Amino acid sequence: MQQAPATGNILPMHPRPSLFRARPGPSAFRVVLLLVAMIAGGCASVPWSTLLQLRQLDEQRWSRIDPAEIRVRVTLPPEFVVDAEGSHLQVRLDTRAGSSQSRLQLQAIGQHRRQSPAGLLRDSRVEQLTEYRLTDAAQLDFARLQTLAARGAYESSDIEVKVRFAETPDDTREAELTVEVQLFAAEGYFTLIDAYTLQLDAR
């Protein structure tokens, strides 16, 4: 069968083999949410609650996502600046008709600071929370991917959250990062990366 034609920011791709491929149908749904930071190294742990929530996603729930409700929330020390233009969602869709990939631009919609609670091994500190939505064009691209999934015998999909920094303080060697994602407004945010310590390169 031929691949679906490219539409907007959606790029058709050759099908790829996967060690995790399951039979087509709801049980075949695979979603991967990853964080890629320009200066981050190593792997961050994903909370068990997030893993359980992702396992509950299937093809039908994915098709019901309203692109206008998708949100990403990033928590960092206030001296860090996220590069919104360099940050995006990357979505890959695999169907029997082929594979498509779309880079969905994020747009900042709100920012505020808060005092984090003190813990057993950490002091209270000031944090800056920035919330992002998909741009209007990115919402249309996501909806087109959903249409392709409905028409092309859906097999699997990957969703990656990629965050890039525009500014980092020269005198800071590490920073704590939290990333939360919302797919459904009624369900709110779930934590993807929880208080992960970024090790910064010496300057």
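Read-outs throughout are calculated quantities, based only on the coordinates presented, and are distinct from any laboratory measurement. If you're wondering where the values come from, they're calculated on a predicted model, not measured in any experiment. With ideal geometry, Cβ positions are generated from the backbone for all residues, glycine too; neighbour counts draw on all protein chains shown.
Basic side chains Lys and Arg get +1 at the Cβ, acidic Asp and Glu get -1 at the Cβ, and with that the dipole of the stretch 79-191 about its Cα centre reaches some 440 debye.
For the pair residue 174 and residue 96, label points projected 7 Å from Cα toward Cβ lie 5.1 nm apart. Each of 116, 99 has some number of other Cβ atoms within 10 Å of its Cβ, and from fewest to most they run 116, 99. Residue order for 63, 102, fewest other beta carbons within 10 angstrom first, comes to 63, 102. Spin-label model, residue 112/residue 79: points 7 Å from Cα along the beta carbon direction are separated by 2.5 nm.
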